[in-house]
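One structure is given here, and the rest of the page talks about it.
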Amino acid sequence: MYGIIDVNGMFASCEQAFRPDLVNRAVAVLSSNDGNIIARNRLCKLAGIKMGDPYFKVRPLIEKHNVAVFSSNFTLYGSMSARFASVVESLSANTECYSVDEVFFTADNIEKVMSLDEYGHQLRNAVKLHTTLVCGVGISYSKTLAKLCNYAAKTWPAYGGVVALTDRQRIKKLLSIVDVSEVWGVGRKIAKTLSLMGIHTALDLAQADTNFIRKNFNVVLERTVRELRGESCFALQEHPVTKQQIVVSRSFGQRVTSLDEMQQAVTGYAAQAAERLRGENQYCKAINVFVRTSPFSINDVQYGNQATEKLLTPTQDTRDIITAAQRALARIWKDGINYAKAGVMLADFNGREAQLNLFDESAPREGSDKLMGLLDRINRDGRKQLFFAGQGINPSFKVRRDWLSPEYTTNWKDIPRAKIG
DNA sequence: TCTGGGGTCCTAGGACCC
DNA sequence: TCTGGGGTCCTAGGACCC
């Protein structure tokens, strides 16, 4: 048996957790640069504001419904996510932290002690008690079915936030009333194609021929079909797997047009990516840089390009990564373009024991580990006191975050104060 | 004026090898 | 006129997830 527990409107709920005054307000959280809506609480959804809506387009709705708006504060959400996961971990034998607001768990021997439904409520109550966050729980024979139960728990409030299904007839009933596009692993494109094939509900998909599905789509969707039938194909991933790539990319607060500014941006992204690489204890051999204009600026000349620099010796030294990134940027830079976004991607990872290449002229830098270690220790508190000159100071392209909340849980000066008496 | 960021996996097609 | 078969590896692009 598999279960999934996820937080309702995670980011919006994190913002509300430390703002009791917002308890009956609609709350929305915006993406980087305050661009789009990326999280909403229940009242905000009721106001008709959709996921992904550009902020400037829904501003009238936001004003009309007095929606409290926040810039995204991932430091806060990350810390609340860790608290949420640790509560779930304390109550289950095996867990997989699937995303910032979701944890899968196994529920195999639960029924010897209590019903699955009771167990779901136990988890839910514990998370509420320790974090104030409200969750939905779904439990069934596979991850995909658990996801579907979780969807049911959130869609029909009468269930009280928990749906645990083991009865085949009840599972069939649920599958028959859920649109195929709600199934985990079925996105917009596949849903559309399925619909043309006469497959409209989750039950239609569960009853589709597996060979037909594999031929017309791929093995992943075939597994989804099997999972809907109660055959588990996606195992619990208890230990986080090593990353295969690290991406740091950002849309600019204002368009970048000069090479100088672009170099500063790319240097900053490269430095951030290198820091994350060291956090993963990895070394990389490929550094990719991409730049592009905004597809929404229809009057601009459109341009997008990317280039990869390959190293013979794997590195995790920020200086090597910045140098490579600048070489890649030089290859794709074009004057006279209004750039909207750029990014740095690291790939081709090696562990520490990576062999030195006999023909490589650029041997690893002496004292690199010590220097990078020191850099990371100084910057660990998040204040970014030490940075590379190439990143520039106070660049004009930095992201907009007009409605940023405090770091309630990770910064001493932001800890909430309570008045007594 | 203003449209996110960070991942994974699969597949098709090309280069190359024998 | 006639132009193999089988394999690997890599990459780009497209799908999906949150």
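The values are calculated or read from the model by the stated rules, or taken from the named source; none is laboratory data. Remember, predicted model here, so these are calculated numbers, not experimental data. When we count neighbours, we look across all protein chains shown, and the Cβ atoms used for this are built from the backbone with ideal geometry, even at glycine.
Annotations for the structure displayed:
- Of all residues in the stretch A:157-183, exactly one satisfies the criterion of being surrounded by fewer than 15 Cβ atoms within 10 Å (Cβ to Cβ), among the acidic types (Asp, Glu) and within 28 Å of the chain's Cα centre (by Cα), namely A:ASP179.
- Residue within the stretch A:96-114 that is surrounded by 21 or more Cβ atoms within 10 Å (Cβ to Cβ), of a type in the set (S, T, N, Q) and within 15 Å of DNA strand C (Cβ to nearest atom) present: no
- Tally of residues being assigned to a loop (DSSP other than H, G, I, E, B), of a type in the set (A, V, I, L, M) and surrounded by 13 or more Cβ atoms within 10 Å (Cβ to Cβ) across the stretch A:236-256: 1
- In the set (1) crowded, with 16+ Cβ neighbours inside 10 Å; (2) closer than 22 Å to A:SER249 by Cβ; (3) more than 13 Å from DNA strand C (Cβ to nearest atom), the condition left unmet by A:GLU15 is number (2).
- Positions within the stretch A:219-265 being within 13 Å of DNA strand B (Cβ to nearest atom) and of a type in the set (A, V, I, L, M), in sequence order: A:VAL219, A:VAL220, A:LEU221, A:ALA235, A:VAL241, A:ILE246, A:VAL247, A:VAL248, A:VAL256, A:ALA265
- Any hit, the stretch A:318-329, residues being within 11 Å of DNA strand B (Cβ to nearest atom) and outside any loop (DSSP other than H, G, I, E, B): no
- A:GLN306 meets all of the listed conditions (1) within 16 Å of DNA strand C (Cβ to nearest atom); (2) surrounded by fewer than 18 Cβ atoms within 10 Å (Cβ to Cβ); (3) without any contact (Cβ under 8 Å) to a residue 24 or more places away in the chain; (4) not aliphatic (A, V, I, L, M) but one, namely (3).
- In the set (1) within 16 Å of DNA strand B (Cβ to nearest atom); (2) at pLDDT 95 or above; (3) among the β-branched types (Val, Ile, Thr); (4) touching an Asp or Glu at 6+ places or on another chain (Cβ under 6 Å), A:ILE62 fails one condition alone, (4).
- Residue under evaluation A:PHE296, criteria (1) crowded, with 18+ Cβ neighbours inside 10 Å; (2) away from DNA strand C (no atom under 16 Å from the Cβ); (3) under 25 Å from the mean Cα position of the chain (by Cα); (4) not acidic (Asp, Glu), criterion not met: (1)
- Some residue of the stretch A:121-142 being in contact (Cβ under 8 Å) with a residue 12 or more places away in the chain and within 16 Å of DNA strand B (Cβ to nearest atom): no
- Residues of the stretch A:257-293 satisfying the condition of being assigned to a loop (DSSP other than H, G, I, E, B) and either within 16 Å of DNA strand C (Cβ to nearest atom) or buried (at least 17 other Cβ atoms within 10 Å of the Cβ) (or both): A:GLN282, A:THR293
- Complete set of residues in the stretch A:46-75 that are within 16 Å of DNA strand C (Cβ to nearest atom) and either more than 21 Å from the chain's Cα centre (by Cα) or part of a helix (DSSP H, G or I) (or both): A:PHE74
- Restricting the stretch A:185-206 to residues that are crowded, with 19+ Cβ neighbours inside 10 Å and near DNA strand C (Cβ under 8 Å from one of its atoms), the residue that is farthest from A:ASN150 (Cα to Cα): A:ILE190
- Strands (runs of 3 or more DSSP E) contained entirely in the stretch A:94-174, each with at least 3 residues that are touching a Phe, Trp or Tyr at 6+ places or on another chain (Cβ under 6 Å): A:95-99
- Residue that is nearest to DNA strand B (Cβ to nearest atom), among those in the stretch A:1-45 that are hydroxyl-bearing (Ser, Thr, Tyr) and over 15 Å from the mean Cα position of the chain (by Cα): A:SER13
- Candidate set from the stretch A:68-98 (those that are polar (S, T, N, Q) and closer than 22 Å to A:ASN125 by Cβ); member that is farthest from DNA strand B (Cβ to nearest atom): A:SER90
- Residue check, A:ALA28 in contact with a Gly (Cβ under 8 Å, 6 or more places away or on another chain) and buried (at least 21 other Cβ atoms within 10 Å of the Cβ): no
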